[in-house]
Amino acid sequence: MKLVLILGCLVTLGLAQDAINPRRFPSSLRIGVANAAPQIEGGWDADGKGETIWDHFAHTFPERIVDRSTPDIACDSYNKYKEDVALVKAMGLDHYRLSIAWSRVLPTGYTDNVNQAGVQYYKNLFKELKDNNIIPMVTLYHWDLPQPLQDQMGGWLNESIVNIFADYTKFCWETFGDDANWWITINEPKQVCQAGYGSGVFAPGIVSDGILDYVCTKNVLLAHAKAWHIYNDLFRKTNKGQVGMVIDSSWYEPGSESDEDKESAERAMQFDIGIYGNPLFNGDWPAVVKERVAARSKLEGFSESRLPILTDFEIDYIKGTSDFLGLNHYSTLLINHTAEAPIGRPSFESDKSVQYWHRPEWTQGSADWFFDVPWGLRKFLSWLKKTFNNPEIVITENGFSDTSGTLEDDKRITYLEGHVSACLDAIYEDNVNLTGYTVWSIMDDWEWTGGYTSFLGMYKVDFNDPDRPRIKRKSADYFTGVMKKRCLVDEDKCVD
Ligand code: NOJ
């Protein structure tokens, strides 16, 4: 008993790892890999594809991409998709998360101009997956807004995007409804809005921190909800699938047992994940977000809160529109209380006002916020269960990023083992309704502003070779073995 208590404390302090869970994966848990069109396809203007905000961003502001690279060719999956599917097959995975590039099928963003060559590309990819018995998980929007929609109407800042996006999703369900039935509307809206229209570090690079990023947040939620209603009314019966949104966050662990630190960590969760999750699963903005942004806006001299109001109609319209909660999760950080950020220039981070830190002994990935802390994922899943009334949860991304690109990627293996084990703990010990786990990624890709300098693939891609060969890393063999046993420990020790 004493030992259990001590271990429990050590784990909470981040000083010990949980033991690897020996249970066999439940049959309800699908395991797969993820990637996204703008990061792997290349063919940025091939066969009628339109320009996206990320094509434009990389071409116009090369200095904003660490290695001044572009997604023009990336992994060349536009030509090599069969090879990609073969890798997924060889690893024995259940599903493949891909995204449809809006501007490849509708180059201007509107449904009056369909690019048949683009449609055919995805038809071919779906066929390849079907022939290989791999379930497609399809993201409809992975950050790649058609550039004309940004130029003509300000993209996600204009409420018209709600109808335009809904039309695009309807087009996809009409066109690809026989090919897939596991759908994600929007990937990581926090990055779309807070990074794209707030800090401006991501495309389209609009800087309006704490102001227009919240406008984007509202539009994204309404666009998602409208798409879900269309699916629910017109396609659910025949498609028999699920539609969800993918939200992302680190787990924020209180930096101490103090009430102030606990409150700060909870506030960080509500700002980072609650701002999307609460409207979807509970209705309306999280109270703490609503109160703080309103109070700070007033002190700053705004006549209304910078966080747009959700009307009763909108609250109702958005609530209950995610059939599952898609979660992208990579890291854990510790949170301490800190003095209220000074009133002055508004920003999302000042609205949140917390202090982040980490334990020096945590294994770090490619960024200053990226650490291998599996118990954080387990706690996160329990928090989601409690906060959003036990939703079905699908982990749509999880994986280890490094800057070396080494083929001997033991750190990635340790990370994956720990995180899958945390999922098993969550399922078997904490009764979390977790039905999917997806590794980012099968192969290296174009990592947005990180270009080709951080690597997450179980296969390396040689971006200097025009042929873009995929080269196996140690983690690919490890994960193939895991898929064979559907268990993390040796077969004879696996618990059925
Ligand atoms: C989240 C994003 O959805 C994905 O596009 C990105 O590559 C991964 N994080 C890894 O950085």
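Values as computed for the structure displayed
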quantity: Residues of the range 27-42 that turn out to be more than 16 Å from the ligand (Cβ to nearest atom) and either surrounded by fewer than 21 Cβ atoms within 10 Å (Cβ to Cβ) or of a type in the set (D, E, K, R) (or both), as a count; calculated: 4
quantity: In the range 442-453, residue farthest from the ligand (Cβ to nearest atom) [restricted to those that are part of a loop (DSSP other than H, G, I, E, B) and crowded, with 24+ Cβ neighbours inside 10 Å]; calculated: 442
quantity: Count - residues of the range 303-319 that are touching a residue at least 12 places away in the same chain (Cβ under 8 Å) and either farther than 24 Å from residue 244 by Cβ or assigned to a loop (DSSP other than H, G, I, E, B) (or both); calculated: 6
quantity: Qualifying residue in the range 232-252 (condition: closer than 14 Å to residue 190 by Cα and surrounded by fewer than 22 Cβ atoms within 10 Å (Cβ to Cβ)); calculated: yes
quantity: Helices (runs of 4 or more DSSP H) enclosed by the range 192-271 - at least 2 residues per element that are of a type in the set (Ser, Thr, Tyr) and more than 21 Å from residue 172 (Cβ to Cβ); calculated: 212-230
quantity: Matching residues in the range 387-426 - criterion: being over 17 Å from residue 246 (Cα atoms), crowded, with 18+ Cβ neighbours inside 10 Å, of a type in the set (A, V, I, L, M, F, W, C) and out of contact with any Pro (no Cβ under 6 Å at 6 or more places or on another chain); calculated: 400, 413, 416, 420, 423, 424, 426
quantity: Where residue 262 falls short, out of the listed (1) more than 25 Å from residue 374 (Cβ to Cβ); (2) surrounded by fewer than 22 Cβ atoms within 10 Å (Cβ to Cβ); calculated: (1)
quantity: Failed criterion for residue 148 (all others in (1) closer than 21 Å to residue 81 by Cα; (2) more than 16 Å from the ligand (Cβ to nearest atom) hold); calculated: (1)
quantity: Filter result (in a loop (DSSP other than H, G, I, E, B) and either closer than 20 Å to residue 264 by Cα or of a type in the set (D, E, K, R) (or both)) within the range 330-342; calculated: 331, 337, 338, 339, 340, 341, 342
quantity: Residues (within 16 Å of the ligand (Cβ to nearest atom) and polar (S, T, N, Q)) located in the range 227-258; calculated: 249, 250
quantity: Answer from 67, 151 - the residue that is assigned to a helix (DSSP H, G or I), surrounded by fewer than 17 Cβ atoms within 10 Å (Cβ to Cβ) and not aliphatic (A, V, I, L, M); calculated: 151
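Each reported figure results from applying straightforward, stated rules to the coordinates on display, with no laboratory input. Given the structure is predicted, the values throughout are model-derived calculations rather than measurements. Don't worry about glycine lacking a Cβ; one is built from the backbone with ideal geometry, like all the others, and counts go over all protein chains shown.
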